[in-house]
């Protein structure tokens, strides 16, 4: 079980790190994407766009360093539940909004696949929360030669996470920069149908 929690921490840390760093350069654009969900008033969407990347960065550092893992697991579980509810609400209301999960890296429309991915991350966060701080930190894994398998898991997970994120990016690269235009065209077309 310890290895599963360690891998979950590394995956969550990598995902939250990527999510935060790709949102930070485009806070205003991220704010308008949040407003498209029509859940928060504009001032709250702007505040969320400024605070969320910092929260994600903090969670990434906690997961990757092994510090406060129980608190980070609970916070990540709450955050993922919020994302799932927002995506489900958008789908239920037939809103064609983009998932701005990875900011500049890529944007795809919200779908059931988005919710599925978030549920997997929610389960990982719950596992880390329930396991708590007893899980060894990356610093411990690197300093303790008997924990060489932790180092192996760290390297394998980091490479696998990076490969997956790059594969998604390269697969969607042709659609990345057209996503904004397509969202506007589809939104316009959908409003004319009603």
With criteria (1) in contact with a strand residue (DSSP E or B) (Cβ under 8 Å, 6 or more places away or on another chain); (2) modelled with pLDDT of 85 or more, residue 107 comes up short on (2)
Might you let me know whether segment 61-84 holds any residue that is within 12 Å of the chain's Cα centre (by Cα), free of Cβ contacts under 8 Å to residues at least 24 places away in the same chain, within 26 Å of residue 131 (Cα to Cα) and not in a loop (DSSP other than H, G, I, E, B)? yes
From 100, 44, which residue is farther than 21 Å from residue 6 by Cα, in contact with a strand residue (DSSP E or B) (Cβ under 9 Å, 6 or more places away or on another chain) and modelled with pLDDT under 90? 100
Mind listing whichever residues of segment 30-60 are assigned to a helix (DSSP H, G or I), in contact (Cβ under 8 Å) with a residue 24 or more places away in the chain and farther than 22 Å from residue 124 by Cα? 30, 33, 34, 49
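The values are calculated or read from the model by the stated rules, or taken from the named source; none is laboratory data. Just so you know, these numbers come straight off a predicted model, no measurement behind them. Counting neighbours? That spans all protein chains shown, and the Cβs are built from the backbone with ideal geometry, glycine included.
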